[in-house]
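Have a look at the structure below before the remarks.
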Amino acid sequence: MELTPESLVSRLAGEPLRPIYMITGPEPLLVLEAADAVRAHARTQGYAEREVFDADGRDFDWNALAMTFRAPSLFSARRLIELRLPTARPGKEGGELIVDYCLQPPGDIVLLVTGGEWSNKHGGKWSEAIARAGSLAVARQVRPDQMPGWVEARLRKRGVQADRGAVQRLVERVEGNLLAAAQEIDKLVLLADGKPIDAARMESLVADAARFDVFRMLDAALNGQGARASRMLAGLQAEGEAIHALMGMVVKELLTVAALARVQARNGNLAAEFKAQRVWDSKQATYRRALQRHAAPHWERFVAEAGRVDRIAKGRGQGDAWQVLERLLLVVADAKARPLLA
């Protein structure tokens, strides 16, 4: 049975620790918090040793993980082993290993599997084996109509009293970003001073996490949200931002994706490249979605196009820099839009 991260966490204290947990889905905050809850519960049960495996790319050594299952612990009688599957696809070899583990799980090991994606296409015998032997939780995308309920529940859990108008103002501010909402709620715990919050007070207490900033604009493009990226770019222009001041960040982001694309093209170690590029775990799913959309040569072209926008913005090229940048963002978001760069 598929659980939500919340229901998985609520079950932890009331049942024996299971031999395997899988937590996956497109909401990194929910995946992270549920995984943290499993880790904390495992520690209370004496699982003091922790090993982490990043199963990223075709060159991952599944035999090393199998040997770890069989090897005795060096420091603790019980071990928590984490398997990170960013794409939630273990492949044939990995799937068979997970099924074998579930059929005869070692008594001194808990396996925690985390992923950044999930759909009906991801599942198979391996995920069904996890659901039978342990727990499978999927962090589904929180829809816009669900966001007020999610924010209200989190406020209540943290002891913050807020009326409906205040909740709506916070929802508008964070623009669907759960991590931004969680950060604002953490601050409200300190700033509310135990007093109820109405819409006007919420307005004065929270930062504008929904402002049209370049980081969110780039995230939108990488996540395939072209219309949103275009709207954010228009917001930046309306606010009087200088386009040449944005281009350093745009170029840097595209260079990062281009480097990742080159590693992926040669079937290299993408997990190692993420670390080399200092990409946080919570951001990796965004990059992976972008990498699925375009091949390495296209990312090189996008870097070159960003350079052209920068030259136009500085008066060393012809054209409308804002328009050219908008087209570039639309192409990054949707492969079908590539003719815009022709």
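Listing for the model above:
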{"quantity": "Test for residue 150: is it open to solvent by less than 50 Å² (accessible area, probe 1.4 Å), part of a loop (DSSP other than H, G, I, E, B) and closer than 24 Å to residue 36 by Cβ", "calculated": "no"}
{"quantity": "Number of positions in the range 188-202 that are surrounded by 13 or more Cβ atoms within 10 Å (Cβ to Cβ) and modelled with pLDDT of 85 or more", "calculated": "8"}
{"quantity": "Meets criteria (hydroxyl-bearing (Ser, Thr, Tyr), loosely packed, with under 15 Cβ neighbours inside 10 Å and touching a residue at least 12 places away in the same chain (Cβ under 8 Å)) for residue 230", "calculated": "no"}
{"quantity": "Among (1) within 29 Å of residue 59 (Cα to Cα); (2) part of a helix (DSSP H, G or I) - the single one residue 251 does not satisfy", "calculated": "(1)"}
{"quantity": "Some residue of the range 254-266 being among the polar types (S, T, N, Q) and either in a helix (DSSP H, G or I) or over 30 Å from residue 85 (Cα atoms) (or both)", "calculated": "yes"}
{"quantity": "Residue within the range 125-136 that is on the phi > 0 side of the Ramachandran plot and either polar (S, T, N, Q) or modelled with pLDDT under 90 (or both) present", "calculated": "no"}
{"quantity": "Residue that is out of contact with any helix residue (DSSP H, G or I) (no Cβ under 9 Å at 6 or more places or on another chain) and part of a loop (DSSP other than H, G, I, E, B), where the choices are 194, 224, 176", "calculated": "194"}
{"quantity": "One residue from 15, 6, 82 being modelled with pLDDT under 90 and among the acidic types (Asp, Glu)", "calculated": "15"}
{"quantity": "The listed residue being surrounded by 20 or more Cβ atoms within 10 Å (Cβ to Cβ) and in a loop (DSSP other than H, G, I, E, B), out of 88, 77", "calculated": "88"}
{"quantity": "Boolean, residue 290 is surrounded by 20 or more Cβ atoms within 10 Å (Cβ to Cβ) and closer than 17 Å to residue 116 by Cα", "calculated": "yes"}
{"quantity": "The listed residue being surrounded by 15 or more Cβ atoms within 10 Å (Cβ to Cβ) and over 21 Å from the mean Cα position of the chain (by Cα), out of 99, 38, 31, 9", "calculated": "99"}
{"quantity": "The range 153-176: number of residues that are under 20 Å from residue 216 (Cβ atoms), of a type outside the set (D, E, K, R) and surrounded by 18 or more Cβ atoms within 10 Å (Cβ to Cβ)", "calculated": "3"}
{"quantity": "Restricting the range 108-130 to residues that are in contact (Cβ under 8 Å) with a residue 12 or more places away in the chain and surrounded by fewer than 17 Cβ atoms within 10 Å (Cβ to Cβ), the residue that is nearest to the chain's Cα centre (by Cα)", "calculated": "124"}
{"quantity": "For residue 23: the one exception among (1) open to solvent by 30 Å² or more (accessible area, probe 1.4 Å); (2) modelled with pLDDT of 90 or more", "calculated": "(1)"}
{"quantity": "Among the residues listed as 225, 264, 237, 183, the single one being of a type outside the set (D, E, K, R), surrounded by 15 or more Cβ atoms within 10 Å (Cβ to Cβ), free of Cβ contacts under 8 Å to residues at least 40 places away in the same chain and farther than 16 Å from residue 306 by Cβ", "calculated": "183"}
{"quantity": "Hey, residue 166 part of a helix (DSSP H, G or I) and over 25 Å from residue 236 (Cβ atoms) or not", "calculated": "yes"}
{"quantity": "Filter pass, residue 305 being farther than 18 Å from residue 177 by Cα, at pLDDT below 90 and either aromatic (Phe, Trp, Tyr) or open to solvent by 10 Å² or more (accessible area, probe 1.4 Å) (or both)", "calculated": "no"}
{"quantity": "Residue match in the range 51-62 (condition: outside any loop (DSSP other than H, G, I, E, B) and at pLDDT 95 or above)", "calculated": "no"}
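The values are calculated or read from the model by the stated rules, or taken from the named source; none is laboratory data. These numbers come from a predicted model, not from an experiment. Glycine gets a Cβ as well: all are built from the backbone with ideal geometry, and neighbour counts include every protein chain shown. Please note that ligands, DNA and RNA were not included when accessible areas were found on the heavy atoms of the full protein model with its side chains. Shrake-Rupley method; radii C 1.70, N 1.55, O 1.52, S 1.80 Å.
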